[in-house]
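Trainee: So that we are looking at the same thing, I have put the structure below in structure tokens.
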Amino acid sequence: MDSEPVRREVASQEERGKIVLVTGNVNGVAAVADEVTVTGPVAQAARFATVTRDTGATARRWMQGR
């Protein structure tokens, strides 16, 4: 068995990842043809902030203004 197709609908991206991971860990499977469809709500991307040296001072000024 070289490539194993995975076709199904799942409720979350997390469930999709687990199914693909487990299928790929089966002895003899060299690749997984991921054809899984996520039907549930898609999680929002993480938000990142750039941290600079004056972040503490900026936070203090912001808190004083409240």
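Trainee: Just give me the residues in segment 1-32 being assigned to a helix (DSSP H, G or I), surrounded by 11 or more Cβ atoms within 10 Å (Cβ to Cβ) and of a type in the set (A, V, I, L, M, F, W, C), in sequence order. Lay out the reasoning, then the answer.
Mentor: Filtering segment 1-32 for residues assigned to a helix (DSSP H, G or I) gives 13-24.
From what is left, the residues that are surrounded by 11 or more Cβ atoms within 10 Å (Cβ to Cβ) are 13-20, 22-24.
Answer for segment 1-32, where residues must be assigned to a helix (DSSP H, G or I), surrounded by 11 or more Cβ atoms within 10 Å (Cβ to Cβ) and of a type in the set (A, V, I, L, M, F, W, C): Ile19, Val20, Val22.
Trainee: Follow-up. (1) of a type in the set (Asp, Glu); (2) modelled with pLDDT of 90 or more; (3) surrounded by 11 or more Cβ atoms within 10 Å (Cβ to Cβ): which one isn't true of Glu35, the others all being true?
Mentor: Tallying (1) of a type in the set (Asp, Glu); (2) modelled with pLDDT of 90 or more; (3) surrounded by 11 or more Cβ atoms within 10 Å (Cβ to Cβ), Glu35 fails exactly one: (3).
The values are calculated or read from the model by the stated rules, or taken from the named source; none is laboratory data. In this text the structure is predicted, and so the values were computed from the model without any measurement. Glycine also receives a Cβ, built like all others from the backbone with ideal geometry; neighbour counts cover every protein chain displayed.
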